[in-house]
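The structure appears below as C-alpha cells.
The values are calculated or read from the model by the stated rules, or taken from the named source; none is laboratory data. What you are looking at is a predicted structure, and each value in this text was computed from that prediction instead of being measured. Neighbour counts are summed over all protein chains in view; Cβ atoms, including those assigned to glycine, are modelled from backbone coordinates with ideal geometry. These area figures cover heavy atoms from the full protein model, side chains too; ligands, DNA and RNA do not enter into them. Shrake-Rupley method; radii C 1.70, N 1.55, O 1.52, S 1.80 Å.
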Amino acid sequence: MPSVAANESRNDDPELILLASLLDVAPFVALLKALNGLSDTASIVITKAGIRVEVEYKRALQATAYLANSLFESFVYNPSSESNDTEEEIDEGDTSTEIEINLSILNEALSIYGSGGGFWKRKERNDPDQQEDEDE
C-alpha cells in the first residue's frame, strides 16, 4: 500500500479527479459483472457522496448501483475546476463527474486486482483482540 506522503502528493495533482481504494475489489467487480449482463456500456457518476453506476437495456430497463464513499477505505474526489460537458451542477453547488465506459474492459482491468483477498477473508479470521474482549 502506498505511503501517506505518496497519497498526499497525488491529491495535489490538478488532473486527478478520483482517488479511491478498497480492501478488496472482488465485491465491486461482482457488482459490475451483474450490471454488465444488461449492457456493455455504463454511465459512471462520481460525486463527493460516492459512485453511481447506471446501465440501460434497450431503453426499457435501467439498473443503478450506488457505492457510498463510506464503503471505500479512502475516497478523495476533486472535481475539475474547468467547465466541460461531463460535469454538472447539482443541488447547492455540489458537482459531479460523469463518464461512459465499457464495463467488460473495466471488469477485466479490476479483475487483475480482485484476487487479493482483503475484506471478505478478514471478516472470517479470528482476531486475537476480539477473542480477548469476548473472554472478559
Inset, instruction - Calculate the spin-label point distance for ILE112 paired with GLN62, positioning each point 7 Å from the Cα along the beta-carbon direction, and give it in nanometres. - result: 3.3 nm
Legend entry - Per residue accessible area of region 36-77, 1.4 Å probe, in Å²: 57 Å²
Legend entry - Placed amide H near ASN78: partners under 5 Å, 5+ positions off or other chain: LEU18, LEU19
Inset, instruction - Sticking with the crude label model, points 7 Å out along Cα→Cβ, report the distance from SER43 to THR95 in nm, one decimal please. - result: 2.0 nm
Legend entry - Under 13 Å, Cβ to Cβ, from LEU103 - net charge with Lys/Arg +1 and Asp/Glu -1: -4
